[in-house]
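Just so it is clear, none of the values below were taken in a lab; they were calculated from the coordinates. On a predicted model such as this, the values are computed, not experimentally measured, just so you know. Glycine also receives a Cβ, built like all others from the backbone with ideal geometry; neighbour counts cover every protein chain displayed.
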Amino acid sequence: KKIVVLISGQGTNLQAIMDACARGVLNARVAAVISNKADAFGLQRARQAGIPTQVFVRSDYAGNAAMDLAIGDYIDAIGADLIVLAGYMKILSAQFTRRFQGQIINIHPSLLPKYPGLNTYRQALEAGEREHGTSVHFVNEEVDGGAVILQAKVPIFAGEGIADIEQRVKEQELRIYPLVIKWFIEGRLQLKQGEAYLDGQKL
Ligand code: GRF
């Protein structure tokens, strides 16, 4: 099975996915890494692993839809089974999410439906939350709005700052994202009528 990973930055989740493939934990390969930022560090990680990279920059296109069309055509040419968003910081067009419905997953650093969008750590701290976490979900046209597949919770202790919580959440991300990808690759995970199913059971 072929996975395409979309990134904009560090690529620590990408690294965990590539490692899981290399170790045979995932019976799949990362066929390409796509970035909307030419200087994303994750691109170096991909090159290091010998994985093809492709950069799509918004300014090269007439609009978001045109750019996403090009990305979609690139992904179709590869014949990817799964599209993994791993810190891809650009909102995908509805045409794109419909084109690949049930084949796109994202990881978002909050316990969705709480705190979609940006700055989840700051929001959780300011709200006085005692716990935070991360969610892997199917992607639809709503930002961070698709069916949740798996979440991991972490505690927030008194006096902690964003960096403490972020580190704790990231540790969990590197654990749960490869696990969800494994389910998908094994054919155990589906999106049906907007709901996520694992082994035929609604999540
Ligand atoms: C992750 O924390 C993910 O939840 C969010 O963006 C971050 C990406 O980090 N969507 P990295 O590029 O995988 O290191």
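The table for this structure:
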| item | result |
| --- | --- |
| Within the stretch 155-202, considering residues that are of a type in the set (A, V, I, L, M, F, W, C) and part of a loop (DSSP other than H, G, I, E, B), the one surrounded by the most Cβ atoms within 10 Å (Cβ to Cβ) | Ile156 |
| Selected residue (criterion: surrounded by the fewest Cβ atoms within 10 Å (Cβ to Cβ)) from residues of the stretch 26-77 that are within 16 Å of the ligand (Cβ to nearest atom), over 20 Å from Arg98 (Cα atoms) and β-branched (Val, Ile, Thr) | Val55 |
| Tally of residues being more than 23 Å from Arg188 (Cα to Cα), part of a loop (DSSP other than H, G, I, E, B) and touching a strand residue (DSSP E or B) at 6+ places or on another chain (Cβ under 8 Å) across the stretch 115-154 | 2 |
| Residue under evaluation Asn13, criteria (1) assigned to a strand (DSSP E or B); (2) more than 21 Å from Gly79 (Cβ to Cβ); (3) not charged (D, E, K, R), criterion not met | (1) |
| Filter pass, Thr97 being of a type in the set (Val, Ile, Thr) and out of contact with any helix residue (DSSP H, G or I) (no Cβ under 8 Å at 6 or more places or on another chain) | yes |
| Elements of type strands (runs of 3 or more DSSP E) in the stretch 31-114, at least 3 residues being farther than 27 Å from Leu203 by Cβ | 53-55 |
| Count of the stretch 80-126 residues which are within 20 Å of Ala31 (Cβ to Cβ) and basic (Lys, Arg) | 1 |
